[in-house]
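Written below as structure tokens is the structure these notes are about.
The values are calculated or read from the model by the stated rules, or taken from the named source; none is laboratory data. What you see is a predicted model, and the numbers here were worked out from it, not measured in a lab. Using ideal geometry, Cβ is built from the backbone for each residue, glycine included, and neighbour counts are taken over all protein chains shown.
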Amino acid sequence: MFKFLPISLQIKKKEWRPGYDRALQYVETDEGDLTYFLSYKTKLASSAIEDFITYLKKKQKDANRLKGRLIANEKLNPRQLELIDVFQRAPNGEIDIRTDLFDLVSKRILKPIKVGKKYLFSRGDSFPSV
């Protein structure tokens with residue numbers, strides 16, 4: 001996950017830029033000793049992690065608030081809430097429930113039960129165990 005931290009965005013922040021320039025200057029004037037730069041980068045990474053955690057908490061809070069509103073205002077079942085969660089994580093995503101379900105049937109994870117004109121699904125022989 002560390003490779004996805006926006007370190008460069010931290011450097012662009014007003015409060016971090018002088019430290020970056022100073023760390024590079026110290027490396028140049030102290031016989032190439034990278035200690036200054038590495039110390040700066042460690043602090044920068046720590047700040048990026050804190051920002052990332054704050055971002056994740058906000059996103060989780062938003063998702064929970066949406067779920068809470070949906071549960072309170074609509075009569076949605078857990079499967080429907082999970083589908084809403086999928087679209088919240090991938091706003092441009094698409095789901096073809098029938099194709100997905102029958103793909104699980106082909107893998108024997110689910111088995112279809114035809115009831116009239118519709119299908120119900122239950123656990124298949126290859127359903128994963130906990």
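Among the listed residues Asp62, Asp51, Asp33, identify the single one that is touching a residue at least 24 places away in the same chain (Cβ under 8 Å), at negative phi and of a type in the set (Asp, Glu). Unique residue meeting the criteria: Asp51. Apart from one condition, Pro112 fits all of (1) modelled with pLDDT of 90 or more; (2) touching a helix residue (DSSP H, G or I) at 6+ places or on another chain (Cβ under 7 Å); (3) closer than 30 Å to Asn64 by Cα; the exception is (3).
In this structure, Asp21 qualifies as more than 30 Å from Ala90 (Cα to Cα) and free of Cβ contacts under 8 Å to residues at least 60 places away in the same chain. Could you please let me know if Gln80 is closer than 26 Å to Phe121 by Cα, in contact (Cβ under 8 Å) with a residue 24 or more places away in the chain and within 26 Å of the chain's Cα centre (by Cα)? Judged against the criteria, Gln80 is not a match. Take the residues in segment 72-130 that are part of a helix (DSSP H, G or I) and small (Gly, Ala, Ser), then tell me which one is surrounded by the most Cβ atoms within 10 Å (Cβ to Cβ). The residue in question is Ser106. When you check Leu24 against the structure, is it in the same structural domain as Arg123 (by TED's automatic domain parsing) and surrounded by 12 or more Cβ atoms within 10 Å (Cβ to Cβ), yes or no? Criteria not met by Leu24. For segment 83-105, a tally of residues being more than 22 Å from the chain's Cα centre (by Cα) and at pLDDT below 85 returns 0. Quick one: would you say Arg69 is at pLDDT below 85, charged (D, E, K, R) and surrounded by 10 or more Cβ atoms within 10 Å (Cβ to Cβ)? In short, yes.
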